[in-house]
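The values are calculated or read from the model by the stated rules, or taken from the named source; none is laboratory data. Keep in mind it's a predicted model, so treat the numbers as computed, not measured. Positions of Cβ are backbone-derived with ideal geometry, glycine not excepted, and every protein chain shown enters the neighbour counts.
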Amino acid sequence: MEYRYGSYTVFQIEYHFVWVTKYRYKVLNGGAERIRDLVRETCKAFEIRIVKGVVSKEHVHILVSCPPNMVLSEIMG
């Protein structure tokens, strides 16, 4: 368990996201690296830390740590 620190805050906010393809079709064969890069770039831009992530052929799991000024709808939007 790792706490993050702001100027007046101590926090640990983690979200677990799962994206699944329709009918679990295995369509992420060749695009796994591209998806991984896009997720990393987006998280870096919003100061979101990736705790753990897995890109499979039909789904993506990601556990992220976010600052308290971000709401869930902003992260997923």
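Some notes on this structure:
- Filter pass, VAL10 being within 12 Å of the chain's Cα centre (by Cα) and among the β-branched types (Val, Ile, Thr): no
- Test: residue in the stretch 20-27 that is at pLDDT below 90, part of a loop (DSSP other than H, G, I, E, B), surrounded by 11 or more Cβ atoms within 10 Å (Cβ to Cβ) and over 17 Å from the mean Cα position of the chain (by Cα): yes
- Some residue of the stretch 45-63 being of a type in the set (D, E, K, R), surrounded by 12 or more Cβ atoms within 10 Å (Cβ to Cβ) and in contact with a Lys or Arg (Cβ under 7 Å, 6 or more places away or on another chain): yes
- One residue stands out in the stretch 41-66 among those that are of a type in the set (Lys, Arg) and part of a strand (DSSP E or B): the one that is farthest from GLN12 (Cα to Cα), namely LYS52.
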